[in-house]
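Each value in this text was obtained by applying a stated rule to the coordinates, not by laboratory testing. Here the structure is a predicted model, which is why all the values come from computation and not from measurement. Cβ placement follows ideal geometry from the backbone for every residue including glycine, while neighbour counts extend to all protein chains displayed.
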Amino acid sequence: MREELAGYHPKLIYLRFVQWVCPHSTMQRVRTHLLRLGGLNIGSASVFADVPTFTGGVHALNNLTVGIDCFFNVGCIFDLGDTLTIENDVYFGHRVTIITSSHEIGPEWHRASDVTTAPVTIGEGVWLAANVTVLPGVTIGRGTIVAAGAVVTKDLPANVLAAGIPAKPIKDLPFDPPEHADTPHE
C-alpha cells in the first residue's frame, strides 16, 4: 500500500502539474525553472523540452544532478534508484533512458530477485542520440557521442563515437577544446 501511495508524494504531484502547465516542446525555459523550484538540482542554462519520467521511489529526485547548459529532448526516462550525475553541456536526444537499478537473478519461479543499484555518470559534452539506453554503473567519458538506439552496458572512454548493442567505441573523435574552455561556466 505504501508503495502505491508514493505516487502522491508532493514532488511527484508537482512534476505532473508542471507537465500539464507546460506541454512538451513549449515553454522550455519556464518548465526548467519550475522544475528547479520543485527542488530538482538543475544547473543554469539547462533546458527540458518535456518533463522526463522519473522512477525510483519517493526520494529519488534527490539522486539527480544536472550540470550547466544541458538539453533534454522529449520522452526521456530517468530511473533514480541511485545517483545520476549529468555534467555540463550534455545533450539528450528523444527518448533517452537512464537506468540506475536492476535485479539480482532469482530462482526460476521468480527471476527478478532483490533490487540492486549503481550510479550513472554522463561526462561533460556528451551527446546521447535518440533512443539510447544507459544501464546501471556506467560512466560515459567526456565528449563522447552515443549513436541512436545504442545500449550502453559498460563504461565508455572520452571522445569516442560509440554504437551498437552493446555499445562499443567505433571511432575516435578529435579533441579540440573551445577557446572559452578556460572560462568557467557561470
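I'd like to know how the range 52-172 sits against the 2.2 N^0.38 Å rule of thumb: what's its Cα Rg over that expected value? Write down the numbers at each step before the final one.
Working: Rg = 14.1 Å, N = 121, 2.2 N^0.38 = 13.6 Å.
Normalised by 2.2 N^0.38 Å, the Cα Rg of the range 52-172 equals 1.04.
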Practice task
Would you grab the residues whose amide H sits under 5 Å from the one on LEU156? Only those 5+ places off in sequence or on another chain, please, with H modelled 1.01 Å from N.
Solution key: THR139, ILE140, GLY141
Problem - R0 of 25 Å, Cβ-Cβ distance TRP109-ASN131: FRET efficiency to nearest 0.05 - result: 0.15
